[in-house]
Amino acid sequence: MSRYAPRPGAAPVPRMITAQAALETRMLLRNGEQLLLTAVIPTLLLVLFSAVEIVDLPGGDDGDRVDFLAPGILALAVLSTAFTSQAIATGYERRYGVLKRLAASPLPRWALMCGKTCAVLVTLVLQSVLLCAVAFALGWSPHGNPLSVLLLMVLGAAGCSGLGLLMAGTLRAEATLAAANLVFVLLVFFGGVIVPLDDFPDTVASLLRLLPVTALSDGLRDVLRDGAGMPWADAGVLAVWAVAAPAAAARWFRWE
């Protein structure tokens, strides 16, 4: 055998996960529809509702409005990337047989999911940098412990990612596309992202607080706007979703 011939056998699993994550990230960043969902819409919502008094928000001046909106928009970014975008992309990969072909490659199925999750985390970092820069330009003045913010966002991303994979692995691609977009639109207005939960009846607000995006926006608002410590009630809700949703996806996900 020539010394220049490639060594037979599969590459180490960490290298395969890194390569898959890089591929998934490039595919997402090159997809105009995905960019519209993950970057353009959250940015426009942040700018529009900060500048125009369409909805009554706590506080009167522009600085108070962006202090309320920025944590909610960060939670919306987690929802758009980890849930909506991932559900649609994975649903169509399943329909076109991409997942079936990848399952026949040396890349283990669990490593494929790790690659997708890493791509989501990379995209979230880029989203957060963009949204924070826009929020600072609008007069945002955050407080609180960054580690609490990081923990809340990781828990929220894990829960939303599990729900996205569960939807993509159990519904047809067309149904996933419709359902994921519908959930995104509904949670913009009913997830505590833009409209304060205090505007809803108490019973409805109590139920909405059990949703992952509501718990995430509520917890981020406690830390970044009010300077509170770790909001354990919201973190507990997110932790339940972070465990239950991926477990359900692993149990019911169909690859074909």
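The values are calculated or read from the model by the stated rules, or taken from the named source; none is laboratory data. Being a predicted model, the structure only gives us computed values, none of them experimental. Here the Cβ is made from the backbone with ideal geometry for all residues, glycine too, and neighbour counts use every protein chain on show. Note: accessible area is taken over every heavy atom of the protein model, side chains too, but ligands, DNA and RNA are not part of it. Shrake-Rupley method; radii C 1.70, N 1.55, O 1.52, S 1.80 Å.
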State which residue is farthest from Glu33 (Cα to Cα) when the search covers only region 84-100 and only residues that are open to solvent by less than 10 Å² (accessible area, probe 1.4 Å) and among the β-branched types (Val, Ile, Thr). Thr90
Could you please find all residues in region 169-204 being at pLDDT 90 or above and among the small types (Gly, Ala, Ser)? Ala175, Ala178, Ala179, Ala180
I'd like to check something: does region 215-227 contain any residue that is without any contact (Cβ under 8 Å) to a residue 40 or more places away in the chain, in a helix (DSSP H, G or I), open to solvent by 30 Å² or more (accessible area, probe 1.4 Å) and over 18 Å from Leu57 (Cβ atoms)? no
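Can you tell which of Ala10, Ala19 is closer than 15 Å to Leu112 by Cβ and at pLDDT 85 or above? Outline the logic, then answer.
On the way: Ala10 fails: at pLDDT 85 or above.
From the options Ala10, Ala19, the qualifying one is Ala19.
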Just wondering, is there one or more residues in region 69-83 that are over 24 Å from Val183 (Cα atoms) and either of a type in the set (A, V, I, L, M, F, W, C) or surrounded by fewer than 18 Cβ atoms within 10 Å (Cβ to Cβ) (or both)? no
How many residues, within region 6-31, are open to solvent by 50 Å² or more (accessible area, probe 1.4 Å) and either within 18 Å of the chain's Cα centre (by Cα) or at negative phi (or both)? 15
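Looking only at region 195-203, decide whether some residue is farther than 20 Å from Ile73 by Cβ, out of contact with any His (no Cβ under 8 Å at 6 or more places or on another chain) and of a type outside the set (Val, Ile, Thr).
We begin by selecting, within region 195-203, every residue farther than 20 Å from Ile73 by Cβ; these are 201-203.
Adding the requirement that they be out of contact with any His (no Cβ under 8 Å at 6 or more places or on another chain) leaves 201-203.
With of a type outside the set (Val, Ile, Thr) added as a condition, the list becomes 201-202.
Yes, region 195-203 has at least one match.
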Output for region 185-214, where each listed residue is open to solvent by less than 10 Å² (accessible area, probe 1.4 Å) and touching a Lys or Arg at 6+ places or on another chain (Cβ under 9 Å): Gly192
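Answer with yes or no whether Leu182 is within 19 Å of the chain's Cα centre (by Cα) and surrounded by fewer than 13 Cβ atoms within 10 Å (Cβ to Cβ).
Values: within 19 Å of the chain's Cα centre (by Cα): yes; surrounded by fewer than 13 Cβ atoms within 10 Å (Cβ to Cβ): yes.
Judged against the criteria, Leu182 is a match.
Go through the residues of region 78-97 one by one and say whether even a single one is aromatic (Phe, Trp, Tyr) and under 22 Å from Phe190 (Cβ atoms).
Initial filter on region 78-97 (aromatic (Phe, Trp, Tyr)): 83, 92, 96.
Now narrow it down to the ones that are under 22 Å from Phe190 (Cβ atoms): 83.
Yes, region 78-97 contains at least one residue that is aromatic (Phe, Trp, Tyr) and under 22 Å from Phe190 (Cβ atoms).
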Does Thr176 fit the bill of being hydroxyl-bearing (Ser, Thr, Tyr) and open to solvent by less than 60 Å² (accessible area, probe 1.4 Å)? yes
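Which residues, counting only those in region 101-122, are charged (D, E, K, R) and either open to solvent by 40 Å² or more (accessible area, probe 1.4 Å) or touching a Pro at 6+ places or on another chain (Cβ under 7 Å) (or both)?
Pass one, region 101-122, residues charged (D, E, K, R): 101, 109, 116.
Answer for region 101-122, where residues must be charged (D, E, K, R) and either open to solvent by 40 Å² or more (accessible area, probe 1.4 Å) or touching a Pro at 6+ places or on another chain (Cβ under 7 Å) (or both): Arg101, Arg109.
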